[in-house]
Amino acid sequence: MFKIYQTHIQTASAGFSFPDLTVVDAAPISLEEPSSVLEVLFQFIHPRSESTQFRQPSVKSLEPELFFAIAEAAEKYIVYGAMNTFLTRMELYGFFSSLGFVAMLIFTIANW
């Protein structure tokens, strides 16, 4: 179970936010993504500390399956920092400039 402050969610994401004056129940909310995906995704929502030098989590060493699952969740929940980080990493590796992106996406979906 993850506990994230509503203030952090509203600041870092549009997908988890609620309209003003909405009464939010404190009960846990189930999400369909595995905890391995949410653990990394939520690191983009919670403010970074001095011990991490205030940096967002690195995505360079993630396995392709996990990488694309987190990228998809970032788009789904509109997590601003994560969306940009994953898009930049995909552009850097040329996933959008060739059929390599399509092949990787098909591989990821087939092995999900």
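None of the figures in this text is laboratory data; all of them are computed from the coordinates on show. Predicted model, so just to flag it, every value in this text is computed and none were measured. Glycine also receives a Cβ, built like all others from the backbone with ideal geometry; neighbour counts cover every protein chain displayed.
Please compute the net charge surrounding PRO57, taking Lys and Arg as +1 and Asp and Glu as -1 over other residues with Cβ under 11 Å from its Cβ. Before the final figure, lay out the partial values.
On the way: positive: ARG48, ARG55, LYS60; negative: GLU39.
Net charge in that neighbourhood comes out at +2.
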*What ranking of ARG48, ARG55 emerges when the number of other C-beta atoms within 10 Å of each C-beta is taken as an exposure proxy, fewest first?*
ARG55, ARG48
*Cut-off 14 Å between beta-carbons: net charge of the residues surrounding GLY15, Lys and Arg +1, Asp and Glu -1*: -3
*What does the charge count near PHE67 come to, summing +1 for each Lys or Arg and -1 for each Asp or Glu among other residues with Cβ under 11 Å from its Cβ?*
-1
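For a Förster distance of 25 Å, can you work out the FRET efficiency between the beta-carbons of PHE2 and PHE54, rounded to the nearest 0.05? Could the numbers behind the result be given before it?
On the way: r = 21 Å, r/R0 = 0.83.
Plugging the Cβ-Cβ distance into 1/(1 + (r/R0)^6) gives 0.75.
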